[in-house]
1. Residues that are exposed (fewer than 15 other Cβ atoms within 10 Å of the Cβ): list the strands (runs of 3 or more DSSP E) wholly contained in the stretch 97-207 that include at least 2 such residues.
2. Those residues that are at pLDDT 85 or above and aromatic (Phe, Trp, Tyr), I need them from the stretch 124-163; list them, please.
Amino acid sequence: MRQAIHSKVVASAPGATNEAWADVIAAAEADPHARIPGSLRHDHQPDVDVALSVKIKSAAVLVPLVTRGNGFTVLLTRRPEHLSEHPGQVSFPGGRVEPEDRGPVETALRETEEEVGLPRARVEVAGRLENYLVGTGYRVTPVVGFVDPPAAYAPDATEVAEVFEVPLEFVLDPANYRREKIRTPGFERHFHVLEHNGHVVWGATAG
């Protein structure tokens, strides 16, 4: 199972994307005021673009595949309600790439350790998925890693309200996703939604 996941990660890692996606990334990095779609991957179904004048910021998240006795699970976090950005939303552990980070992999491991108390020594990095641009101007690099789970997580209460896991088999089944949309003055945004045991995963995380 691990070998199969490794193969899929390598196949979808940066460098395996098509020219159109490479052009989008190059333009976004070259122009601090580039038009950034609300949600864009090289293989996505076209959504309504949201024109934003923002400087592209680099971020990274860890997609943790936790080894359990009955298979893999995907670790997710729920953000506290008091946060000014995305309160209460479900997300992967991660954050902005800091100047001292040597790259997105280090960012993902550092942020995961800070947010959920998962030591980086317990994470075996498998590889990277394609970058994901979001409407707030972040270019997010998802880093996939196998996790040897600790006896318990130690989340930072200022950043994480809850740590939970969803079976990988459930996450990988397209039948468990639905498409929704939000209409606001000037645009219409489409996004994916995944629900499991009362948790609602949507937006870039579900994407």
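The values are calculated or read from the model by the stated rules, or taken from the named source; none is laboratory data. Because the structure is predicted, anything quoted here is derived from the model rather than measured. No Cβ is skipped: glycine too gets one built from the backbone with ideal geometry, and neighbour counts run over all protein chains shown.
1. Working: elements: 123-128, 132-134, 138-147, 162-167, 177-184, 187-196, 199-202.
Filter on the stretch 97-207 gives 177-184, 187-196, 199-202.
2. Phe146, Tyr153
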